[in-house]
C-alpha cells in the first residue's frame, strides 16, 4: 500500500507508529503533541526553499515526530498535513 506523504507521516527512514499496520519503516515514532508559539510555514521538505504546503497559526496543534537540527517534522492534525517547520516555532 502506498500512502501519500503529504497526508500520512511516512518517510523512507521513519513513520508514525499509528501507521505500523499499513506500512513498513525502519523506525517508528510516537507523536508528541506541541503547540505553535508563533506562526509557521509548513514545508514539504526540510530545505527552507522547498514548497510551502500551509501556514500554521500560533496556538495550533502540531504532532511532533522528529527533530533534525533546527527543523521539526510532524503532522498538523487540524489540516491533515504532514511536513517540516522551524523547531523554534514550537512551544
**Residue pairs meeting the criteria (Cβ under 6 Å; at least 6 apart or on separate chains; first at positive phi and touching a residue at least 60 places away in the same chain (Cβ under 8 Å), in the stretch 69-80; second part of a loop (DSSP other than H, G, I, E, B) and surrounded by 11 or more Cβ atoms within 10 Å (Cβ to Cβ))** = 80/7
**Item:** From the options 77, 48, residue that is at pLDDT below 95 and either over 15 Å from residue 33 (Cα atoms) or touching a strand residue (DSSP E or B) at 6+ places or on another chain (Cβ under 8 Å) (or both)
**Value:** 48
**Request:** Residue by residue through the stretch 24-68, note down the ones that are within 14 Å of residue 90 (Cα to Cα), in contact (Cβ under 8 Å) with a residue 40 or more places away in the chain and more than 11 Å from the chain's Cα centre (by Cα).
**Result:** 34, 35, 36, 37, 38, 39, 40, 41
**Message:** Going residue by residue through the stretch 52-69, is there one that turns out to be in contact with a helix residue (DSSP H, G or I) (Cβ under 9 Å, 6 or more places away or on another chain), over 12 Å from residue 87 (Cα atoms), modelled with pLDDT of 95 or more and surrounded by fewer than 15 Cβ atoms within 10 Å (Cβ to Cβ)?
**Reply:** yes
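The values are calculated or read from the model by the stated rules, or taken from the named source; none is laboratory data. Only a predicted model underlies this, so the values are computations on that prediction, with no experimental measurement involved. Don't worry about glycine lacking a Cβ; one is built from the backbone with ideal geometry, like all the others, and counts go over all protein chains shown.
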